[in-house]
1. Would it be correct to say that residue A:101 is of a type in the set (A, V, I, L, M, F, W, C), in contact with a Leu (Cβ under 8 Å, 6 or more places away or on another chain) and surrounded by 16 or more Cβ atoms within 10 Å (Cβ to Cβ)?
2. Is the stretch A:208-215 home to any residue that is of a type outside the set (Ser, Thr, Tyr), part of a helix (DSSP H, G or I), touching a Ser or Thr at 6+ places or on another chain (Cβ under 7 Å) and more than 30 Å from residue A:9 (Cα to Cα)?
3. Could you grab me the full set of residues in the stretch B:104-131 that are within 11 Å of chain A (Cβ to nearest Cβ) and either within 14 Å of residue B:147 (Cβ to Cβ) or among the acidic types (Asp, Glu) (or both)?
4. I need a count of the residues in the stretch A:152-175 that are in a strand (DSSP E or B) and under 16 Å from residue A:216 (Cβ atoms).
5. Please go through (1) more than 9 Å from chain A (Cβ to nearest Cβ); (2) touching a residue at least 12 places away in the same chain (Cβ under 8 Å); (3) in a helix (DSSP H, G or I) for residue B:180 and return the number of the only condition it doesn't satisfy.
6. From the list A:318, A:274, pick out the single residue that is farther than 17 Å from residue A:410 by Cα, in contact (Cβ under 8 Å) with a residue 40 or more places away in the chain and surrounded by 23 or more Cβ atoms within 10 Å (Cβ to Cβ).
7. Can you go through A:126, A:209, A:164, A:198 and tell me which one is in contact with a Gly (Cβ under 8 Å, 6 or more places away or on another chain), closer than 28 Å to residue A:108 by Cβ and buried (at least 22 other Cβ atoms within 10 Å of the Cβ)?
8. Of the residues that sit in the stretch A:287-312 and are part of a helix (DSSP H, G or I), open to solvent by less than 30 Å² (accessible area, probe 1.4 Å) and modelled with pLDDT under 90, which one is farthest from the other protein chains (Cβ to nearest Cβ)?
Amino acid sequence: MFLRLAFRNVTRNWQRNALSLVSVVAGVAVIVLGRGFVAGFKENIIRAQIDTVSGHVVARPLDYPVAGVQHPVDELLTVDADTATWLDANTAGWTKRLMFAPRLVKGQDAMRVRAIGMDPTTDPTVFPRDQWTTEGCSVDDAGMGLIVSPGVVRILGIEMGDVVILETRTASGAINALNVPVCGVAKTGNPGQDRIGVIAPPTLTSELVRHGEATSHVLAKLDHRDQAASLAAELQKRLGEGAETATWEEETRALVEAQEMRQAMLDIIAFVLLAMAATGIANTVLMAAYERVREIGTLRALGLTRRGVVSLFVTEGLVMGVAGAILGAALSGAAMYNWSVKGIDMTPLIAEMEKGGTYDNIPVSTMLWVEFSPATLLGAAIFGVAIAVFASIYPALLASRMPPAEAVRA
Amino acid sequence: MASNTGSPRIICALRGATKTYGEGATLVRALDDVTVSFEAGEFTVISGPSGSGKTTLLNMVGLLDVPTSGEVEIDSQHTEKLSSRNLAAIRAQRIGFIFQSFNLVPVLTAVENVELALQLSDAPTANRRKRCEDALTAVGLGEHFHRRPNQLSGGQQQRVAIARALVKDPALVIADEPTANLDSVTGAKILDLMRQMNEERQVTFLFSTHDPMVMDRARRVVHLRDGKVVEDERRNGDGG
């Protein structure tokens, strides 16, 4: 009967209660959407980092700079035959990349670019190209041609077939420069690379940097990414003190921490929304209590205890909380499930990021799969209900303290 | 339970009951050392001008309020030291209330309003709905079980209130100005109904009223003035 009474009292003033309900719906939805998106972004960044920058394990020269466009080639790594065989046996794929930072000159204009010298045969075993869009030549058939990124095309006004000058230091420290034809444009899905990057095929890289068999990066992909730590440790041993290895987890830690900060901020927003919902519900229940003084008096006269009055009004808060939580969880859950299955096309956002340059070093996949988590859904709904119940306790206590003799004749 | 062989059973008794409000110069004695008892099956009116203490006396008898000093007994049970919870339990099981403004719960139907009283009295769930329907039928609302208060006339609402008060077979029914919001014809019918219930079930009715129609039907009138019992009049109560 209490539940029926509470439900009917809630629906009796549905317009007023709807406002409180909307706050609960919004609070629950922000928790679900916020957590799902942040988790999705986190996974997206991790996957993009693995698929476009580091693989599961990366080895580079000791104290190699990891920020900015600094890619020294004076201290490089050498992978001996034993290590190569071991990598063949213990990874799903591995490759070498020589990163260098030449000046790219076109006529009167010049800019520092991030160049990747890659092996077209082994590189795709670590870095899938399903998100690449290319125009003109590919890295497989570029020969001595250069593949530039859309950002470089935009900044220097390069057209296909233009001859540009690439000027860099060689591995031995000499200055070297070559006239190079631009034969292709490639978009890799890594915003930093797509803004200031170029891809050099092996012949061109070798001719420019004169690095022989040495390389700046050794990158490996595994069947399971949680095996990365053990492979990184073994690779470290094999490459010696001149090298440092890192797992995908270490490489993305700062970005993941930034996402966790974002998560915390979203949680705060959700908390503020639910605090507003709590205020709304407290106000609604308080108004209901003051409007229904005579009803409270009558129920007390009929034998309802003070605790019973508290239960009645808390049940009304509970009904509002449950309704809001179910609605919020259903709406946001449906959206999250849909986006977790179909994904969200991030191309427009990435285009904005490329323009701004703020996220130069943050790789992002073009598709975002948000995380659909039933546990988060349930947790958010329970939290919403708990807030509603908590908010109704104070007005319920006030209602229970009304003297029945006065209340019954109010 | 009191059962003095040969003498009527006392349902409710006040002994030296005093209720004061305020203090010092503003002290008001709403009830002043009142000693009165009510027997099983009485149909009694508490009468007096406004401010004479009628409502305060009914509040004491109905255990909605406690006296500042003195004793209140319900069915020989002293109530002064009972907790709020125990007082609520006695109200739920032994006392029925009928109010001037009917005081039905607006979101419940007629039968649900009656059932609420049974639920609060911890009556067994078996046949609970049947008992409520019988109670409503007894007050002439056999066709209106599922109507909400706003779909009923004033007289019908008061009938629901009577059914609600009587459904739990209380020892005592307290009716505070039960006809004040009804026209005279409806009021008379309601009073006749209560009188009928009183006679059929031997339920004690205690009224507070100014209504001469109620006074005419009373078998006992207790007159109050300035918080004191000034006259206790026995009648045959056949008026109307």
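The values are calculated or read from the model by the stated rules, or taken from the named source; none is laboratory data. This one's a predicted model, so the numbers in the text were calculated from it and none came from an experiment. Cβ sites come from the backbone with ideal geometry, for glycine too, and all protein chains shown count toward neighbours. These area figures cover heavy atoms from the full protein model, side chains too; ligands, DNA and RNA do not enter into them. Shrake-Rupley method; radii C 1.70, N 1.55, O 1.52, S 1.80 Å.
1. Answer is no for this residue.
2. So far as the stretch A:208-215 goes, yes, one or more of its residues are of a type outside the set (Ser, Thr, Tyr), part of a helix (DSSP H, G or I), touching a Ser or Thr at 6+ places or on another chain (Cβ under 7 Å) and more than 30 Å from residue A:9 (Cα to Cα).
3. Listed by number, the residues that qualify are B:104, B:105, B:106, B:107, B:108, B:109, B:112, B:113, B:114, B:115, B:122.
4. 2
5. (3)
6. Answer to the check: A:274.
7. A:209
8. A:289
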